[in-house]
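Read the structure below first, then the notes.
The values are calculated or read from the model by the stated rules, or taken from the named source; none is laboratory data. What you are looking at is a predicted structure, and each value in this text was computed from that prediction instead of being measured. So basically every Cβ, Gly included, is an ideal-geometry build from the backbone, and we count neighbours across all protein chains shown. Just the protein is used for accessible areas: all its heavy atoms, side chains included, with ligands, DNA and RNA removed. Shrake-Rupley method; radii C 1.70, N 1.55, O 1.52, S 1.80 Å.
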Amino acid sequence: MSEPISDVSRRRILERVRRGLRAFEPPPVPLPGPTPEETPAPGADLAALFQKRWEILTARFHRAENPADLEAVLLGLLAPLAGKSAIVSDHPLLAAVDVDAVLGRAGLKRLAASVPEAAAAEVGLTGAELALASTATLVLTSDHPGDLIASLLPPVHVALVPRSGLVPSLAQALPRLTARPLPRAMVLVTGPSKTGDIELTMVLGAHGPGRAHAVLLDWV
Amino acid sequence: MFKPTPFDRAVEAGLGNRFLRRALAHTTATVTAGRLATMAEIGGFQPLRERAAASRDRVLNRLDEYLERTEAAVLRAGGHVFWAETGQDVADYILKLAREKGVRTVVKSKSMVTEEIELNPALEWAGLEVFETDLGEYIIQLAGERPSHIVLPALHKSRQEVARLFEEKLGLAYTDVPEDLTRAARQALRRRFLEADMGITGANFVVAETGTVVLLENEGNIRLTTTLPRIHVAITGIEKIVADFDDLVPLLKVLPVSALNLKMPGYASFLTGPAGEKGEGPEEFHLVLLDSYRSQVLAEPDFRQMLRCIRCGACLNVCPVYGHIGGHAYPWVYSGPMGMVLTALARGPAACQDLLLATTLCRACAEVCPVMIDQPAMFLKLRRLAMEGRGPILTGAAAAAAGLYASPPGYDLAARALSIAGRVLLDAQGRVRLGPEVIKKMGRRRRLPRPAQTPFHRLGPEKEEA
């Protein structure tokens, strides 16, 4: 959609930019080495670090050693929400349990993970591609339909996190994310939604989920 | 000659607002506390700011190439690119797009560039419904006010004021509990997100290599704005380009810490092109590249560094002047040290004489800037330019005074002369007692300290022992 007017503006802007760049010789920009990292000590317990930092964000951490464990964890999380609805993303990690059965036993109805139906859901179940221990950040992408909506619309978000996806920080995560075609959308989620816009008072659940759960899957 | 300027009046209003002063003190103290400790945890402030500044300069010094690279990448990803010389061009483009696509409702995230160009009134005047979705921006939109801080736009509003505002505009039963007010805003806006045809955002950064727009937030309104409506328009100044993801890392580290002392924002979105018809996201993506004053600033050796600015607000948070007068005292959408420089560059220094005096030259801003911008150096240059705009007599007089003070014997002479004059012209309370009426009137607003008998620089070592 290249409009004639935009072409003219484009040319004029680039001309002005080039003229501006010719105006003087800037000092050379140093080529610094790799970004200094807060590196956890070798052999550090990344899971423990993630848990500690995740919980500081007023978010809940759970751990499952195997699929049966996961089922129990999910039932525990979902039972208090009996009578409400859930949406579930397409993420393969969620295939570890019979999600429909779990929802049934917990007393929740399943809705389609797309708008407008998804807007009525109380809880969203997703996977996660990676987890950054140093900042307690989950990486979700558009590679698995439903991950983005289910981690955003409902007031409660439950994310399944693969142990193999736990890395120290963003510096280790980026090569993994950019080594393949970049997902159309990536979201780095660090805790629940929050705001301090009214008198700097922290309130959770401004627009996104106010309650965030991370379930670490030890066997994946 | 001594009539208070609009800026003087704005300053007086800010100083006289007790709630604002308490809010400013509380906010600036809270968001700056522990900043250096956090920076140390993530790699050290100095190494990070050097890398962040280098990332910015790398692009700014070859901005034409990076703009073309960005455009190519966005087009490859299936998006559209629009180049806008002025704010009006941006509004025209969006309105044309809205007409073509049957857009009636727009949801918007907090974006300083859209405040700069006054986009909302232009869209509303043309009949579009525009909803600000960031809680602070939503509050000031309902109140019809300007933001008073680039990161915390409604910090000047008490919870009672917000309660009354929601009662009046949303029909909400009066409550000043922040959780209740936030929930009310969430509910009111959730409907708008679901109905909106278009989402408009700014961009914290745009990655040239991939055409990826990077958006940082804590609330989730940006994610909703860029996921639910079928069209996403991201507006960015041409200076917000970053070369690649490696260059992005130091910036992603220093920005949330500098803004809110957070190691990571609640949500960081990386969006590359549209989701298409089947995808989970907008069908169409448009990137608007705005020049406005930016290409001119690029040409100035003294001022190109201002284009490194990543809008973190750290300089506002440490500025003693901003901390006492608040954002509304400043004439434009940007306030504090960065606001002074940007306003003077966008409007011309001569139009900003009084604004350029709103500094103590304490250099706190330069010390905290995560991209190593030297604002005070630019204040001085801008003042000189403003002065030169006042004509040769005043410029000559100012230069003469500066020259006199710059030489030790000249300084000595001036200090002694002023000491004598001061003790003749001022009474014991420091009010002007001799002189034309207009000077005496000024003296009623300001009392001058009575000069000492001996100038300070003449006090010898004996005084120290005493």
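The figures follow:
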read-out: Residue among B:LEU228, B:LEU194 that alone is within 19 Å of A:MET186 (Cβ to Cβ), at the interface with chain A (Cβ under 10 Å from one of its Cβ atoms) and out of contact with any Ser or Thr (no Cβ under 9 Å at 6 or more places or on another chain); value: B:LEU228
read-out: Any hit, the stretch A:81-96, residues being within 19 Å of A:THR190 (Cβ to Cβ) and outside any loop (DSSP other than H, G, I, E, B); value: no
read-out: Number of the exception - A:THR39 against (1) at pLDDT below 95; (2) in a helix (DSSP H, G or I); (3) not aliphatic (A, V, I, L, M); value: (2)
read-out: Residues of the stretch A:172-220 satisfying the condition of being within 7 Å of another protein chain (Cβ to nearest Cβ), touching a residue at least 40 places away in the same chain (Cβ under 8 Å) and open to solvent by 40 Å² or more (accessible area, probe 1.4 Å); value: A:ARG184
read-out: Hey, B:LEU413 open to solvent by 40 Å² or more (accessible area, probe 1.4 Å), in contact (Cβ under 8 Å) with a residue 24 or more places away in the chain, assigned to a helix (DSSP H, G or I) and more than 26 Å from B:VAL341 (Cβ to Cβ) or not; value: no
read-out: Selection count, the stretch B:421-451, where residues are open to solvent by 60 Å² or more (accessible area, probe 1.4 Å), in contact (Cβ under 8 Å) with a residue 12 or more places away in the chain and not small (Gly, Ala, Ser); value: 11
read-out: Of all residues making up the stretch B:135-188, the number that are over 27 Å from B:VAL318 (Cα atoms), within 10 Å of chain A (Cβ to nearest Cβ) and not in a helix (DSSP H, G or I); value: 2
read-out: Residue list for the stretch B:313-324, restricted to those being open to solvent by less than 10 Å² (accessible area, probe 1.4 Å) and under 16 Å from B:ALA154 (Cα atoms); value: B:GLY313, B:LEU316, B:TYR322
read-out: For A:ASP45: the one exception among (1) at pLDDT below 95; (2) within 14 Å of chain B (Cβ to nearest Cβ); (3) open to solvent by 80 Å² or more (accessible area, probe 1.4 Å); value: (2)
read-out: Long-range neighbours under 6 Å by Cβ, at least six apart or interchain, first residue without any contact (Cβ under 8 Å) to a residue 60 or more places away in the chain within the stretch A:79-97, second of a type outside the set (Lys, Arg) and not in a loop (DSSP other than H, G, I, E, B); value: A:ALA79/A:ALA106; A:SER85/A:LEU111; A:SER85/A:ALA120; A:VAL97/A:PRO67; A:VAL97/A:LEU70; A:VAL97/A:GLU71
read-out: Residues within the stretch B:164-198 that are within 25 Å of B:LEU260 (Cα to Cα), open to solvent by less than 10 Å² (accessible area, probe 1.4 Å) and of a type in the set (A, V, I, L, M), tallied; value: 3
read-out: So A:PRO4, is it within 14 Å of chain B (Cβ to nearest Cβ), exposed (fewer than 14 other Cβ atoms within 10 Å of the Cβ) and either modelled with pLDDT under 95 or over 20 Å from A:GLY127 (Cα atoms) (or both); value: yes
read-out: Residue check, A:VAL158 on the phi < 0 side of the Ramachandran plot, at pLDDT 95 or above, open to solvent by less than 20 Å² (accessible area, probe 1.4 Å) and not charged (D, E, K, R); value: yes
read-out: Candidate set from the stretch B:231-278 (those that are more than 9 Å from every other protein chain (Cβ to nearest Cβ) and of a type in the set (Val, Ile, Thr)); member that is nearest to A:ALA150 (Cα to Cα); value: B:ILE231
read-out: Residues that are in a strand (DSSP E or B) and β-branched (Val, Ile, Thr), drawn from the stretch A:123-138; value: A:VAL123, A:THR126, A:THR137
read-out: Candidates B:LEU287, B:LEU307 - the one that is within 20 Å of B:ALA208 (Cα to Cα), over 20 Å from the mean Cα position of the chain (by Cα) and within 13 Å of chain A (Cβ to nearest Cβ); value: B:LEU287
read-out: Residues located in the stretch B:273-321, provided they are small (Gly, Ala, Ser) and in a loop (DSSP other than H, G, I, E, B); value: B:GLY273, B:ALA275, B:GLY276, B:GLY279, B:GLY281, B:SER292, B:ALA299, B:GLY313
